[in-house]
Amino acid sequence: MVGRILAGTLTLIVLAFAVIVISVVRFDVPREQLVGKYAGGASQFATLPSGASAHIRDEGNPSGPVLVLVHGSNASLHTWEPWVAELGGTYRIVSMDLPGHGLTGRVPGDDYSREAMAAFVIEVMDALGIDRFAIGGNSMGGGVSAMVALENPERVSALLLVNSAGIPVERDANDVPLAFRIASMPVISKAMRYVLPRSVVEEGVRKVFVDQSKVTDEMVARYFDLTLHEGNRDATRIRFAQNAARDEVAFAARLGEISAPTLIIWGDRDGLIPVSAAHEFKTRIPHAELVIYENVGHIPMEEVPEESAADVAAFLAAALAPAAPAAPEASAAGEGEPEAGASEEETGEEEGAE
């Protein structure tokens with residue numbers, strides 16, 4: 001009798017453990033299983049010279065000025081859909097999944113540094129035959145966009161920094177999503193290769209919004225699914241290790257070299273990159289403009305899309321407007337015209353003098 005009870009209890013424990021394991025163990029999902037769900041509309045794939053297979057969207061007004069949009073860490077090009085809806089009537093908008101993200105996935109060489117991602121953006125622009133463009137980025141993508149502007153000033157017509165990385169900051173660890181903290185731990189991060197509760201992804205998404213009504217089941221499902229895209233979790237672990245060696249102080253020191261007109265926009269309740277960084281960007285970048293939204297978090301383009309897009313439209317209209325021609329200088333007396341009352345003989349003598 002006792003043996004049966006022990007056997008039954010052990011069976012229940014094994015079954016419970018199996019249920020727990022099944023609920024948290026997640027294997028990589030091949031791109032082919034995700035394309036039908038997340039590569040709609042203007043999506044296209046391009047194999048770049050570096051070997052990356054880039055997921056790109058080229059949409060909006062095909063004859064308008066080009067605006068390139070670069071997403072943040074562990075996000076995807078989908079984060080820009082609200083701005084595409086608001087700005088696409090005027091601008092040709094190019095967005096992309098960065099290396100190790102979205103449907104682009106892991107790339108040859110496993111270089112996920114800011115420099116490598118900036119080079120990836122330029123490869124995409126070259127593949128599309130686009131020479132000059134405005135560029136904007138959120139969070140990690142803001143640092144990438146700033147790097148593009150620094151390394152390719154002749155190609156960048158304007159720069160948008162949206163709650164951007166690139167300034168050394170101190171933050172409360174409790175404000176950092178659990179997934180980011182785990183990815184920064186060399187040993188534990190390897191477990192995320194196979195163990196990833198959906199709740200961890202949802203916690204990360206919710207932390208970047210103040211208005212929780214913006215966080216839908218569909219949004220959380222997309223973040224979760226694309227995190228499972230083959231290679232993305234390995235790429236995240238590698239990227240965080242590479243970022244740990246990054247010299248953010250040296251990068252911030254270069255921001256004064258940016259020559260493109262720059263708009264900085266920020267949510268004042270961003271716990272991931274505090275608003276103090278926005279003011280530091282404005283101090284460092286010559287003639288930069290700054291807009292701060294009250295009661296908004298880390299991704300204003302999704303939390304206040306209409307307001308933020310309107311500010312972007314107003315800024316770009318001014319930044320990309322053709323320069324007015326310089327007014328001709330008034331002619332000085334005696335230069336090109338004879339003074340009033342001068343005779344033709346006197347004029348001739350002056351014109352012949354050396």
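Read-outs: derived from the displayed coordinates by stated rules, not from any lab. What you are looking at is a predicted structure, and each value in this text was computed from that prediction instead of being measured. Positions of Cβ are generated from backbone atoms using ideal geometry, with glycine treated the same way; all protein chains shown enter the neighbour counts.
Take each of the peptides 55-62, 41-48, 95-102, 225-232, average the number of other beta-carbon atoms within 10 Å over its residues, and list them starting from the highest.
Numbers: 55-62: 18.9, 41-48: 14.4, 95-102: 28.4, 225-232: 20.8.
Final packing ranking: 95-102, 225-232, 55-62, 41-48.
Subtract the Cα-Cα distance of ARG198 and ARG246 from 0.36 nm times their separation in residues, and report this length gain in nm to one decimal. Don't skip to the end; give the middle numbers.
Details: separation 48, 0.36 × 48 = 17.28 nm, distance 2.98 nm.
Gain on extension, ARG198 to ARG246, equals 14.3 nm.
According to the Cα gyration tensor, what semi-axes, each the square root of 5 times an eigenvalue, does the equivalent ellipsoid of the range 27-319 have, listed from largest to smallest in whole Å? If you can, show how the numbers build up before the last one.
On the way: eigenvalues 133, 97, 75 Å².
Equivalent ellipsoid semi-axes, largest first: 26, 22, 19 Å.
Explain nothing, just the number: relative contact order of the range 189-298, from Cα pairs under 8 Å at least 6 residues apart, as a whole percent. Present the calculation step by step, with values, prior to reporting the outcome.
Numbers: 108 pairs, mean separation 30.5, N = 110.
28 percent.
About the Cα centre of the range 42-113, what is the dipole size in debye to 20, counting +1 per Lys and Arg Cβ and -1 per Asp and Glu Cβ, all else neutral? List each step's numbers first, then the result.
Numbers: 3 positive and 7 negative charges, 15 e Å.
Using only the charged Cβ atoms, the result is roughly 80 debye.
Rank the residues ARG233, ARG132, ARG269 as a footprinting-exposure proxy: fewest other Cβ atoms within 10 Å of their Cβ go first. Write out the running numbers ahead of the final one.
Details: ARG233 24, ARG132 12, ARG269 17.
Going from sparsest to densest Cβ surroundings: ARG132, ARG269, ARG233.
Report the gain in length on full extension from VAL35 to ASN61: 0.36 nm times residue separation, minus Cα-Cα distance, nm rounded to one decimal. Provide the component values of the computation, followed by the final result.
Details: separation 26, 0.36 × 26 = 9.36 nm, distance 2.45 nm.
6.9 nm is the gain from fully extending VAL35 to ASN61.
Average projected area of the Cα convex hull of the range 59-186, in nm²? Kindly include the intermediate steps, with their values, before the conclusion.
On the way: hull surface 34.4 nm².
Averaged projected hull area, Cα only: 8.6 nm².
Can you tell me the relative contact order of the range 27-319? Whole percent, Cα pairs under 8 Å, sequence separation 6 or more.
Values: 578 pairs, mean separation 60.3, N = 293.
The value is 21 percent.
Mind giving me the FRET efficiency for GLU170 and GLN44? R0 is 41 Å, r the Cβ-Cβ distance, nearest 0.05 is fine.
Details: r = 41 Å, r/R0 = 1.00.
Between GLU170 and GLN44 the formula returns 0.50.
Using 0.36 nm times the number of residues separating GLU294 and GLU151, minus their current alpha carbon distance, what extension gain do you get?
Details: separation 143, 0.36 × 143 = 51.48 nm, distance 3.31 nm.
Computed gain between GLU294 and GLU151 is 48.2 nm.
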